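**Student:** Here it is, the structure in full.
What follows is calculated from the coordinates using simple rules that are stated; it is not laboratory data. Owing to the predicted nature of the structure, the values given are computational and were not obtained by experimental measurement. Note that we place each Cβ from the backbone using ideal geometry, even for glycine, and neighbour counts take in every protein chain shown.
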Amino acid sequence: MQVFDEIAARARSGPGYRLFTAMRYLPATDEVERVFSTDAVAYPPGGRKRKRDTAWSRRVLGAGEPYFAHDEAGIRAAFDDADKILALGFGAVINVPVRHDGRIVGTLNFLREAGGYSPADVATALALAPLAAEALAT
């Protein structure tokens with residue numbers, strides 16, 4: 001989708017990424033479905049992850065707050081596929097919720113090497129979320 005290409009281009013200058021994905025939230029099944037990825041081999045569009053009642057899902061999909069991890073421990077605490085994420089050289093992540101009409105419709109996800117993000121980068125990532133709202137709501 002063109003909107004995600006635009007977000008990817010804007011995000012290169014901040015917060016930056018080695019992998020950027022966009023996920024649509026499917027509340028009926030407590031899943032997120034990948035609709036965009038800058039690495040379609042490792043993380044192809046269409047892939048789904050269950051997010052039933054985890055600390056990550058309560059924070060991002062429930063409370064609508066971003067998740068930020070700057071090291072391996074933070075990756076392992078939040079993701080079932082942590083081994084794969086770490087094996088690809090990603091040790092830092094920012095996940096931001098995307099809202100449409102007051103409800104969470106998905107997330108934007110930025111990954112890079114450990115220590116690659118700061119709290120200021122979270123604010124920059126949050127500013128990109130409204131750009132994805134319409135696309136993730138459909």
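**Student:** Check which residues have an amide H placed less than 5 Å from R99's amide H, if you skip close sequence neighbours.
**Tutor:** V105
**Student:** Mind putting a number on the dipole of the stretch 2-137 about its Cα centre? Charges go on the C-beta only, +1 for Lys and Arg and -1 for Asp and Glu, and I need it in Debye to the nearest 20. Write down the numbers at each step before the final one.
**Tutor:** Working: 17 positive and 17 negative charges, 33 e Å.
Here the size comes out at about 160 debye.
**Student:** For the stretch 74-90, just list the computed ³J(HN,Hα) in residue order, Karplus coefficients 6.51, -1.76 and 1.60, θ = phi - 60°, integers in Hz, with x standing in for Gly and Pro.
**Tutor:** The phi angles translate into x, 5, 5, 5, 10, 10, 5, 9, 4, 4, 5, 4, 5, 4, 7, x, 9 Hz.
**Student:** For an R0 of 30 angstrom, estimate the FRET efficiency from the Cβ-Cβ distance between A42 and E134 and round to the nearest 0.05.
**Tutor:** 0.65
**Student:** Once you keep just the Cα pairs under 8 angstrom separated by 6 or more residues, what percentage relative contact order results for the chain?
**Tutor:** 27
**Student:** Another one. Residue by residue through the stretch 45-56, which ³J(HN,Hα) values in whole Hz follow from phi under the Karplus form 6.51 cos²θ - 1.76 cosθ + 1.60 (θ = phi - 60°), with glycine and proline marked x?
**Tutor:** x, x, x, 10, 9, 6, 10, 6, 6, 9, 4, 4
**Student:** Now a separate question. Quick check: residue separation of R50 and A77 times 0.36 nm, minus the Cα distance between them. What number comes out in nm?
**Tutor:** Numbers: separation 27, 0.36 × 27 = 9.72 nm, distance 1.51 nm.
So the extension gain works out to 8.2 nm.
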